[in-house]
2 protein chains.
Amino acid sequence: MKKTIVIVGLGLIGGSMALALQGFEEYEIVGVDVSQPTLRYAREHHVADYVCADATEVLPHADLVILALHPKGITEFFSAFRDIFRPGCVVTDVCGVKRAVADAAAVLPDTVDYIGTHPMAGTEFSGINNAFAEMFQDTHLILTPRPESTEAHVALLTRMAMYMGCKDVYRTTPEEHDRLIAYTSQLMHIIALSVCDDPQFFDCKGFEGSSFRGCTRVAALDVALWTQLLSMNAGALVEVIDHLRDNLTAYRDVLSSGDTALLAEKLTASSDRKRKLDLTGPDLLA
Amino acid sequence: MKKTIVIVGLGLIGGSMALALQGFEEYEIVGVDVSQPTLRYAREHHVADYVCADATEVLPHADLVILALHPKGITEFFSAFRDIFRPGCVVTDVCGVKRAVADAAAVLPDTVDYIGTHPMAGTEFSGINNAFAEMFQDTHLILTPRPESTEAHVALLTRMAMYMGCKDVYRTTPEEHDRLIAYTSQLMHIIALSVCDDPQFFDCKGFEGSSFRGCTRVAALDVALWTQLLSMNAGALVEVIDHLRDNLTAYRDVLSSGDTALLAEKLTASSDRKRKLDLTGPDLLA
């Protein structure tokens, strides 16, 4: 009997996953979204094998459920549909925070296996019309299984990630994920926003290079989503911002002192750290 | 009679300019470098029409001289060769700071026109073996002519830039250039270095996405060059670092307060600034 993957939320990520999972291990790909324009687009562009507006219709048949909604939407979905999930299924989400979602998943019955996922992919755009199948090429995917989660389900999600084109899959706890993501992702957004808040921002056209464009790119963000992601990880994020301010201050003070020998020392130490950790991979998604 | 462009310093930028200027308005392209391996590479790869180690040999014939050296090297070159430049020629440099180089150019005789240039292009690599002709495609080039500079020379440098593939040419004063570059370029390097100085840096592999790679890319910098560039513009750079710290603090404090409505307000304001200024162009040079 054919198995079914249900993707709830056909936005940028959900839509891209649907496209990327076409042909995965004979799973039928089913999409759910409450927006009629989104469903229309999905049908016209064959984003999934079947789409509908009501999760109740398809959830009882789902072997794997992927919740591609905002964190608050996921929390509400868990509560509203806890008794509709098929016993034995595995439910995952794709949120950029994992602890808060894992806590919300506590309302699910024991027969439903929740395993958090975070595909390290995305662009500053949103909506199904910006979804594309190659979104996950060469990216990392993070899994945060619970102690109770089964290895078979972890293996399924791993195969799913590799099929979508991910470079690798990292396994960790929700807390560790949130701590690292505060640094590697959320801080990048705070930096971009803070750079754009500079009084000189509107004078810069013609004087900016690739590093400025690259740094500020993610500032054009989805406010509703990022208000949730940042506030749900405020503790860890405040800590990394404090570290960054300390490090900026160290450079600022050396520059102010005019001690070029010390400046050269600091530049050597910092750049050596970067050279030690070669981070190959796309700087800019398509 | 054939005209001559002499490029002193066949590193990443000088080498790329030599390649990009092949066939420009019937100018013969001559390269000067003191490194034998560089000259050998240049000859093997036809980087210029002619290369040599001694500037004295070719400078008297040069109509346009491009100094692609570190700022200190340029200062020394001005002093050493002030009487060798051909009267009526135009001399330019490609440094990332313009005030300090313009000051050093004061030793040149009145018969030599110095006009600062800053091609907003480059990669984190160095050396002629990393030079490529497409370096300047779709990039900005900044010109900082002196009041005494001739329009004919400004026009020549403008045509040169457009021939190399630049998107546009901006004209400003050395002071204004340095003030803006502190923000658009130098600050990006200080940010990259400061992010790499975080204690979590070496834990991040597998958790980083395109924004982290994009932000930290320029941290792998040429220490000797950047010690000069940053210290020569310390005043303007300290000021922009202070602004950044203030803006980061504003976000840090809102996050710490738990006031999500205020957080949403700030995110809206900052992201709106970014959306207003669409910075199209490469995020990452080839």
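The values are calculated or read from the model by the stated rules, or taken from the named source; none is laboratory data. Just so it is clear, the model here is predicted, and its values are computed rather than measured. Note: ideal-geometry Cβ built from the backbone for every residue, glycine included; neighbour counts use all protein chains shown.
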Quiz prompt | Selection count where residues are touching a residue at least 40 places away in the same chain (Cβ under 8 Å) and either surrounded by fewer than 20 Cβ atoms within 10 Å (Cβ to Cβ) or small (Gly, Ala, Ser) (or both), scope the stretch A:46-63 | solution = 5
Quiz item: With respect to the numbered conditions (1) at pLDDT below 95; (2) in contact with a Lys or Arg (Cβ under 9 Å, 6 or more places away or on another chain); (3) surrounded by 23 or more Cβ atoms within 10 Å (Cβ to Cβ), which one is the sole condition not fulfilled by A:HIS177?
Solution: (1)
Quiz item: Which residues, counting only those in the stretch B:25-60, are farther than 22 Å from B:GLY73 by Cα, in contact with a Lys or Arg (Cβ under 8 Å, 6 or more places away or on another chain) and modelled with pLDDT of 95 or more?
Solution: B:GLU25, B:TYR27, B:GLU28
Quiz prompt | The listed residue being over 13 Å from A:ILE7 (Cα atoms), modelled with pLDDT of 95 or more and under 19 Å from the mean Cα position of the chain (by Cα), out of A:VAL112, A:VAL97, A:VAL107 | solution = A:VAL97
Quiz item: Taking into account only those residues within the stretch B:239-257 that are surrounded by 19 or more Cβ atoms within 10 Å (Cβ to Cβ) and free of Cβ contacts under 8 Å to residues at least 40 places away in the same chain, which is farthest from B:GLU175 (Cα to Cα)?
Solution: B:LEU255
Self-check item: Residue in the stretch A:174-208 that is nearest to B:HIS118 (Cα to Cα), counting only those that are more than 7 Å from every other protein chain (Cβ to nearest Cβ), in contact (Cβ under 8 Å) with a residue 40 or more places away in the chain and out of contact with any Phe, Trp or Tyr (no Cβ under 7 Å at 6 or more places or on another chain)
Solution: A:LEU187
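Okay, residues lined up against (1) surrounded by 17 or more Cβ atoms within 10 Å (Cβ to Cβ); (2) touching a strand residue (DSSP E or B) at 6+ places or on another chain (Cβ under 6 Å); (3) more than 13 Å from chain A (Cβ to nearest Cβ); (4) not basic (Lys, Arg):
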position	(1), (2), (3), (4)
B:ALA106	no, no, yes, yes
B:ASP110	no, no, yes, yes
B:ASP113	yes, yes, yes, yes
B:MET120	yes, yes, no, yes
B:GLU124	yes, no, no, yes
B:ASN129	no, no, yes, yes
B:MET135	yes, no, no, yes
B:LEU141	yes, yes, no, yes
B:HIS153	yes, yes, yes, yes
Self-check item: Hits in the stretch A:14-28 - residues which are under 22 Å from A:CYS89 (Cβ atoms), aliphatic (A, V, I, L, M) and surrounded by fewer than 24 Cβ atoms within 10 Å (Cβ to Cβ)
Solution: A:LEU21
Exercise. Can you give me the number of residues within the stretch A:53-74 that are assigned to a helix (DSSP H, G or I), over 11 Å from A:CYS95 (Cα atoms) and either under 23 Å from the mean Cα position of the chain (by Cα) or among the aliphatic types (A, V, I, L, M) (or both)?
Key: 3
Quiz item: Only one of B:ARG86, B:ARG43 is out of contact with any strand residue (DSSP E or B) (no Cβ under 8 Å at 6 or more places or on another chain), surrounded by fewer than 22 Cβ atoms within 10 Å (Cβ to Cβ) and basic (Lys, Arg); which?
Solution: B:ARG86
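For every residue, the table says whether it meets (1) farther than 23 Å from A:TRP226 by Cβ; (2) β-branched (Val, Ile, Thr).
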position: B:GLY214; (1), (2): no, no
position: B:VAL218; (1), (2): yes, yes
position: B:LEU230; (1), (2): yes, no
position: B:ASP253; (1), (2): no, no
position: B:SER257; (1), (2): no, no
position: B:LEU262; (1), (2): no, no
position: B:ASP272; (1), (2): no, no
Self-check item: Single residue of A:ASP259, A:ASP246, A:ASP272 found to be under 27 Å from B:PRO119 (Cα atoms), more than 7 Å from chain B (Cβ to nearest Cβ) and at pLDDT 95 or above
Solution: A:ASP272
Exercise. Using the structure shown, decide if B:GLU208 is acidic (Asp, Glu) and out of contact with any Ser or Thr (no Cβ under 7 Å at 6 or more places or on another chain).
Key: no
